[in-house]
Amino acid sequence: MLAGVDGCKAGWIAVHNTDGAAPSVSVFPRFQALLDALPIATIAVDMPIGLPDYSSRGGRGPEALVRPLLGSRQSSVFAIPSRAALYADTSDFTTVEAWYAAHRRASEVAMATSDPPRGVSIQAFGIFAKIREIDALLIARPDLRGRIFESHPEVAFCRLNGGAAMTLPKKIKGIVNPAGMEERKALLCRHGYEKSFLDQLPPKGAASDDFLDAAAMMLIARRIASGEARPSPDPPLTDRFGIPVAIWA
């Protein structure tokens with residue numbers, strides 16, 4: 001059983017299959033629900049795994065290693081701040097004002113736990129809750145560390161494309177770029193997907209680029225299960241809980 005996973009508005013989108021059958025796509029509200037539905041899957045997920053106590057220039061380590069592979073796509077790999085910044089405010093935000101106030105608090109903690117001092121981008125802050133969701137599971141259940149692996153879509157596309165980064169952006173100013181999507185669909189089809197599967201509308205609560213990224217993640221899960229994937233760095237680092245820190249592709 002293999003699963004490629006990406007965060008989405010409704011929770012988590014997974015492209016998954018079992019024993020080489022045709023892939024399916026599902027959306028789960030929580031990562032635990034995904035694990036319950038796919039209890040033995042090897043999972044590659046587009047989400048940082050393993051958090052630093054102190055953030056240095058370039059990120060945790062994996063980010064600095066993979067950025068040079070991506071050319072103009074390297075801005076898609078952003079640095080993750082310290083664990084303290086990620087846990088600075090874990091509230092469920094009910095207003096925009098509360099959300100921005102929490103972002104400011106996280107940035108203050110990030111500035112105090114980084115060298116050179118660096119705040120938190122809005123993009124990174126938007127996925128803090130999802131990072132914490134996986135982090136809590138991997139702390140509580142060390143057995144999951146052998147089947148949940150961090151990857152990154154643009155690194156995955158690059159590796160699947162023989163080491164050449166995608167030439168077209170997937171989004172332009174936050175809007176999906178059809179030409180970039182078609183470039184990636186063509187690559188995924190060369191690795192076994194049916195175009196009709198990739199052309200379907202994503203499930204409610206997920207965007208078309210989330211769906212495509214999850215499809216790429218499933219191919220990385222296959223590479224991991226077969227022993228073909230490689231981590232950056234190799235061997236992986238570990239955080240203070242012993243959680244591996246690496247981007248697999």
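The values are calculated or read from the model by the stated rules, or taken from the named source; none is laboratory data. These figures come from a predicted structure and were not determined experimentally. Neighbour counts run over all protein chains shown; Cβ positions are idealised from the backbone, glycine included. Only protein heavy atoms, including side chains, enter the accessible area calculation; ligands, DNA and RNA are left aside. Shrake-Rupley method; radii C 1.70, N 1.55, O 1.52, S 1.80 Å.
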Worksheet item: If one takes the longest principal axis of the Cα atoms in the chain, at what angle in degrees, from 0 to 90 and to the nearest 10, does the Cα axis of helix 178-190 lie?
Response: 60 degrees
Fill in: Probe 1.4 Å, accessible area per residue of the range 2-138, Å²
44 Å²
Worksheet item: How about the range 11-69: which trypsin sites (Lys or Arg not before Pro) there lie in a loop by DSSP and see at most 11 other Cβ atoms within 10 Å?
Response: ARG57
Worksheet item: In degrees between 0 and 90, to the nearest 10, how far off the longest principal axis of the chain does helix 96-112 point, with axes built from Cα atoms?
Response: 70 degrees
Item to complete: Could you look at the chain and say what percent of its accessible area is carbon and sulfur, using a 1.4 Å probe and all protein chains?
Response: 57 percent
Worksheet, complete the sentence: Candidate cut points under trypsin sites (Lys or Arg not before Pro) in the range 201-239, DSSP loop plus at most 11 other Cβ atoms within 10 Å of their own Cβ, are LYS204
Worksheet item: Which net charge results for the neighbourhood of SER114, defined as the other residues with beta-carbon distances under 13 angstrom from its beta-carbon, given Lys and Arg at +1 and Asp and Glu at -1?
Response: +1
Worksheet entry | Average projection area in nm² (convex hull over Cα atoms of the range 147-223, one quarter of hull surface) | 5.5 nm²
Practice prompt. State in Å² the accessible area per residue of the range 181-249; use a 1.4 Å probe, count heavy atoms of protein chains only, and round to the nearest integer.
Written response: 45 Å²
Discussion item. Using DSSP to call loops (not H, G, I, E or B), can you name the chymotrypsin sites (Phe, Trp or Tyr not before Pro) in the range 1-82 whose Cβ has at most 16 other Cβ atoms within 10 angstrom?
Written reply: TYR54, PHE78
Worksheet item: Which percent of Cα pairs goes in each bin when the distances of the range 78-126 are cut into 10 angstrom slices starting at zero?
Response: 30, 56, 13, 0
Worksheet item: Among HIS103, HIS191, HIS16, which one moves the most in a GNM of the chain with springs linking Cα atoms closer than 10 Å?
Response: HIS191
Worksheet entry | Total lysine pairs whose alpha carbons fall under 13 Å of each other in the chain (8 or more apart, or interchain) | 4
Worksheet item: For the range 45-127, what is one quarter of the convex hull surface built on the Cα atoms, given in nm²?
Response: 5.8 nm²
Response to the item:
So the compactness index of the chain, its C-alpha Rg divided by 2.2 N^0.38 Å, takes the value 0.97
Fill in: Contact order normalised by residue count of the range 74-215, Cα under 8 Å, 6+ apart, percent
14 percent
